[in-house]
Amino acid sequence: MIDRLQELGKEALEEIKQADTVKALDAVRVKYLGKKGPITEVLRGMGKLSAEERPKVGQKANEVREEIQQQLEQKTEELEKIALEEKLQEESIDVTLPGKEVKRGARHPLTAVVEEMEDIFIGLGFSVTEGPEVETDYYNFEALNLPPDHPARDMQDSFYVTPDMLLRTQTSPVQARTMEKFKGKGPVKIVCPGKVYRRDDDDATHSHQFMQMEGLYVDENVRMSDLKGTLEAFVKEYFGPDRTIRLRPSFFPFTEPSVEVDVSCGICGGDGCRICKHSGWIEVLGAGMVHPNVLTYNGFDPEKYSGFAFGMGVERFAMLKYGIDDIRHFYTNDIRFLEQFKRV
Amino acid sequence: MLVSYQWLKEYVDISDLTAEETAEKLTRGGVEVDLLHPRSEGLDHIVVGFVEECEQHPNADKLRICQVNTGSETAQIICGAPNVAAGQKVAVAKPGAVLPGGMKIKKAKLRGEASEGMICSLQELGIEQKLVAKEFMDGIYVFPEDAEVGADAVNELGLRDTVLELDLTPNRSDCLSMIGIAYEMAALLDRGVQLPDASFTAASESAANKVSVRVDVPEDNPYYSAKVIKEVTIGPSPLWMQNRLTAAGIRPINNVVDITNYVLIEYGQPLHAFDLDRFGSESIVVRRAQEEETITTLDEEVRTLSSEHMVITNGEEPTALAGVMGGAFSEVQEDTTAILLEAAYFTPARVRKTSKDTGLRSESSIRFEKGIDQNRVEEASARAAYLLERYAGGKVLDGTVEEDHRVQEKHVMTTDTNRVNQLLGMDITQDDIVSIFRRLRLHTEVDGENIAVEASTRRPDLRIEEDLIEEVARLYGYDYIPTTLPHGTTTPGGLSTEQKDRRTIRRFLETSGLHEAITYSLTSPDRVKRFLLSDVPGTVDVSLPMSEERSTMRTSLIPHLLDTVQYNRNRQINDTALFELGSVFIGEESSLSRQPEEKKVLAGAVTGLWDVHLWQGEKKKTDFFVVKGILEGLFKEVGIGDQALFAPSRHNDLHPGRSADVSINGRTFGFIGQVHPNVEKEWGIKETYVFQLDLDILLSADKEPTSYATLPRYPSISRDIALVVGEDVAAGEVKQVIEEAGGELLKQVTLFDVYEGENLEVGKKSLAFSLVYLDPERTLTDEEVTKTHEHVLAELTDKVQAVLRQ
């Protein structure tokens, strides 16, 4: 009987080996280990055996059965693995197909520039202050040392809505309003971003509406070197640490001394190229020490206080930073234009 | 102002500087040189030639064959100019020359005849048409007889020069003259100034016997002077003078006119020469014009004047618009022999008014408007007399007839070293400061620490201490100012809550898929009173609009956003999602009496496909709920998610069945909806959804606080119900009934299905909700939930006649 069992074991293992599907394997299991299978049959005939032989045959039968069981399990695992692999193979996808896009808009480049400027000046201790776009003549001009017969106040250059109200031509009136609010006591340290309007025909470099960012710092003992240091810190932060500035004398009614501020050209590094008109420098902003008349008009004692002010065109800074060639792009809002500033 | 580099050399020694270096010096000193115009770059092989013979070309009517002596040889040159003639001295471009237009001169054959060069017009040598003397405008240029044959024609024409184009700031009117620039250059370089010769020999006859001057308006004309010059011969001015005028952008006319223009550029002092015989009288009267009085100016235009304008008259009628332009009938002409030379100081305001009203701007009016040096008038007049004597053969009568009301005020500014250094943040010595004022030729006195500087009419921009400090800074050099950071009180800086909130809104909308737009505030009348948030009693209109399109301030952001949608649509971009943050402007019923209200609003416009993944077949069109979802998300983002309510509403420009008002605490602050199909048609756009919110109300609402609540430790129980209600019952209303009836235990109500159609009675719809019950303190029992749930169902039946769907 033991021989028979041994033989059955051999046969079974051979069939397991041959089985190539889970189903075939199941058939082997039923065939050998089923209730009607040969091993059961052998065991059933054990009653005829001697008490001596019985445990031996029983042990052998269990051994054979276990062996078959183990082999079956191992083979099942193998076959299942293969089957799963085949299934996964069938499930495979073309990973080069495009993914589902996450819908995302974009910041307007002018907003991006304004916010960047705000953040730099906030870091330097400035607060952001805003004011009305329809201004009185007083705040837009007079409080800034532009007397009534000043040529800059020509009707032809500004959009007046009444004889003494106009669309502000600069954000400086916010400075006048803020100084007034401080009632002669410093420090006043603000930047004023906003829309301004001038009677210009729209073309590649002119726009009847544009944005400015102006700054004002009034305190005791403010020096021109502070203006230079502040603007240099700003320029390095905005354009990059390798950029430098230079001051050139200029004229504005609200500052004395007044300067134009040039930044070293980022294209040629100062050697001179088409962008900087071969000068190595690009004019970027106007600035100066607050005119004593402006301090006085707005309630500050020029004997005690001094200050600096500066004004920048936001569009110009955006155009320089991103190489935009036409100011009208900012206001036509072509999606293909706006899309380009997703990352700013 | 155009400054000839060669001409400037007359007054200040800049021989060690090139034109470029001169320009750089000026620019760094604050007189900005905008452009450099080299007048003859690469212009060579052009000589003065003598036309020995000039004959008709046998094969061409319009051509002549000229034999031209160029100094070294006689060359045959074919010329097509109508004014070419034998005996002329002309500019000959020899083979090898390259003209400014790029034309290369070569030996050639023209209609069978050899031509070894070209006789040039001034235009061909690069001179602008408008600067060419009238006689040479339509032909070649002819040199004066004394020109040397074979000489470099480019040099003879003064073209070996560079012109500096200045962009002057309004305070530096002193630089509107060659001498003014010379003083500036001399100060920058610490050098001397060489003033021109103004010494003439006066005739014995007295001018005062010939003419009289009367000024009726001394406040407009503080100084008027007249000189009389007789026996002048009108002819061309010397070539060097013509050359310099051309460089300065002025066309040569004749010797007398050229001399007045020359002195104008040289001294910055406008002069006018009248023909004394045509003047009409011997008395000059300066007065205001009468209402409706007319004058025919030099340009042959009739000008109608008012009492706001000032005129020079002969006692009867106007002969010139004071400071602006001469009159036609007293103009110097070819037969003029006696001249009345006017040199005056007219005040800026009066000249500006006259110039503006007549639309006439001249070299003269520009200078008077900006303010001339009232103490240099006589000097300029003398210089002109000198030149008229020398180059027009004139005899200058003795004396100047004048009326003088000038006030010579002495104005002294004071400063000290400490103050200079304190304002600039520098460390300059008193000696350096004083030497700068000396370089500027300002009378300076030092008394201990004090530095007193006398104001000068030559530099009217220097009036206060800060002006002096600026002079110190710019002459010392801004490069020497150190860079420091403010050392005063520390300020924290930052954004206001509202500014932060606006950034939050922008970030949310950007990440939600909307592009930020910035559109113009000025709009057209047909675009106001559309898509309004609230009543607009009046608009804010521009007094003198540049165009109808930009004549009034916007009252809503939506019209321009729709323009943007349309703009993009015209460029095949059909899926557009935009938002804008900006102000709208609300006027008063009648004209504005105070500053208008500027309401900050947030608006958006969304059209086309919203959610797209084409190859997987996903294609979700923008609809009301896409845009509503964005707003709901935004409200959560700014902390008012549970407070904002949507309710059906009607707006003129919106689809009546697809629009809603948004409110918070019973206060409406915005709307959302589909653009009315007729309005979509008007704008040429497809189905578009818009919204507009009052930002002030949105941001001033009480925000839900951010604070921690214990996480639930007990399980929740979920129950779904499907209800059948009348089709006009609003889902929001049903949800509200559920929430109220559910009480404390009901934590969440979610609508998950809306159905109308088959298997439902006509006029009915089915709404399915999922309800979640939870007690944070303990595990809920089924019975408790069932009890509440049944109460919910009862309330639904009672309040919205809902029936459970079978």
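Every read-out reported here was derived from the displayed coordinates using simple, explicitly stated rules and does not represent laboratory data. In this text the structure is predicted, and so the values were computed from the model without any measurement. All Cβ positions, even for glycine, are placed from backbone atoms using ideal geometry, and neighbour counts span all protein chains on display.
Just so you know, the Rg over Rh for the stretch B:450-608 is 1.20, from Cα atoms, with Rh as the Kirkwood radius. Comparing Cα centroids, the stretch A:216-263 and the stretch B:670-731 end up 49 angstrom apart.
Rounded to the nearest 5, the antiparallel percentage of DSSP beta bridges internal to the protein assembly as shown is 95%.
Which residues does the label zone of B:E292 cover in the stretch B:315-347, counting backbone N under 18 Å from a point 7 Å along Cα→Cβ? Residues passing the 18 Å test: B:317-318.
Measuring against 20 Å, Cα to Cα, the residue pairs A:K31/A:K56; A:K36/A:K81; A:K185/A:K304 contain A:K31/A:K56; A:K36/A:K81 as the ones spanning a longer distance.
One-quarter of the Cα convex hull surface for the stretch A:225-344, in nm²?
About 9.4 nm², averaged over all directions.
In cubic angstrom, how much convex hull volume per residue do the alpha carbon atoms of the stretch B:202-404 span?
Cα convex hull per residue, to the nearest whole number: 101 Å³.
For the stretch A:2-91, the residue among A:M46, A:L84, A:V28 whose Cα projects farthest onto the positive side of the dipole built from Cβ charges is A:M46. Taking all Cα-Cα distances within the stretch B:652-806, those exceeding 20 Å account for 65%.
Averaged over the residues of peptide A:195-208, the number of Cβ atoms from other protein chains lying within 10 Å of each residue's Cβ is 2.
Dipole magnitude for chain A: computed about the Cα centre from +1 point charges on Lys and Arg Cβ and -1 point charges on Asp and Glu Cβ, it is near 1180 debye.
Expressed to the nearest 5 percent, the antiparallel share of DSSP beta bridges inside the stretch B:497-700 is 95 percent.
The relative contact order of chain A, computed from alpha carbon pairs under 8 Å that lie at least 6 residues apart in sequence, is 16 percent. In the stretch B:591-726, Cα pairs under 8 Å separated by at least six residues give a relative contact order of 25 percent.
Given q = 0.05 Å⁻¹, what are the Debye log10 I(q)/I(0) values for chain B, with equal point scatterers placed on the Cα positions and solvent ignored? Those come out to -0.54, one per q. Between the stretch A:92-166 and the stretch B:510-568, the alpha-carbon centres lie 17 Å apart. Rounded to the nearest 500, the helix-only mean residue ellipticity at 222 nm of chain B stands at -7500 deg cm²/dmol, with each DSSP H run of n ≥ 4 adding -39,500 (n - 2.57).
The spread of Cα positions in the stretch B:688-752, taken along each principal axis and listed from longest to shortest, comes to 41, 41, 22 Å. Across the stretch B:412-476, Cα pairs under 8 Å and at least six residues apart give a relative contact order of 39 percent. Report, in whole Å, the centroid distance computed from the Cα atoms of the stretch B:353-424 and the stretch B:169-201. The distance from the Cα centre of the stretch B:353-424 to that of the stretch B:169-201 comes to 12 Å.
The Cα atoms of the stretch B:333-451 define a convex hull whose projected area, averaged across directions, is 12.5 nm². Working from the Cα coordinates of the stretch B:497-700, the gyration tensor eigenvalues give, after taking √(5λ), semi-axes of 27, 21, 16 Å in decreasing order. The equivalent ellipsoid that matches the C-alpha gyration tensor of the protein assembly as shown spans semi-axes of 86, 41, 32 angstrom, in descending order. Treating each Cα of the stretch B:482-526 as an identical point scatterer and ignoring solvent, apply the Debye formula and state log10 I(q)/I(0) at q = 0.27, 0.31 Å⁻¹. So the normalised log intensities work out to -1.01, -1.08. Here's the picture: charge each Lys and Arg Cβ at +1 and each Asp and Glu Cβ at -1 in the stretch B:497-700, and of B:I586, B:N574, B:P525 the one pushed furthest to the positive end of that dipole is B:N574.
Per q in 0.11, 0.16, 0.23 Å⁻¹, report the Debye log10 I(q)/I(0) for the stretch B:416-496, using one uniform scatterer on each alpha carbon and no solvent. Here log10 of I(q) over I(0) equals -0.36, -0.64, -1.12.
For the listed residue pairs A:K228/B:K9; B:K210/B:K395; B:K62/B:K106; A:K10/A:K75; B:K529/B:K619, the alpha carbons are over 24 angstrom apart in A:K228/B:K9; B:K529/B:K619. More than 23 Å apart: what percent of Cα pairs in the stretch B:717-804 qualify? Percentage above 23 Å: 22.
Calculated over the stretch B:46-156, the projected area of the Cα convex hull averaged across directions stands at 6.4 nm².
Please label the shape of the stretch A:109-341 as rounded, prolate or oblate, based on the square roots a ≥ b ≥ c of the eigenvalues of the alpha-carbon gyration tensor (a/c under 1.5 means rounded; beyond that, a/b larger than b/c means prolate, else oblate). Oblate, because a/c is 1.5 or more while a/b does not exceed b/c. What you get for chain B, charging only the Cβ of Lys and Arg (+1) and of Asp and Glu (-1), is a dipole of about 1580 debye around the Cα centre. Placing +1 on the Cβ of every Lys and Arg and -1 on the Cβ of every Asp and Glu, with nothing else charged, gives the protein assembly as shown a dipole about its Cα centre of roughly 3220 debye.
Arranged from fewest to most other beta-carbon atoms within 10 Å of their beta carbon, B:S330, B:S770, B:S355, B:S15 become B:S15, B:S770, B:S355, B:S330. Reported to two decimal places, what Rg/Rh ratio describes the stretch B:95-224 when computed on Cα atoms with Rh from the Kirkwood expression? With Rh from the inverse mean 1/r over Cα pairs, Rg/Rh is 1.13.
In nm, to one decimal, how far is the B:A731 label point from the B:Q422 one, both placed 7 Å along Cα→Cβ? Result: 7.2 nm between the two label points. With the dipole of the stretch B:412-476 worked out from charges on the C-beta (+1 for Lys and Arg, -1 for Asp and Glu) around the Cα centre, which of B:V434, B:A455, B:I469 lies farthest toward the positive end? Going by the Cα projections, it comes out as B:A455. Once you divide the Cα radius of gyration of the stretch B:187-310 by 2.2 N^0.38 Å, the number left is 1.30.
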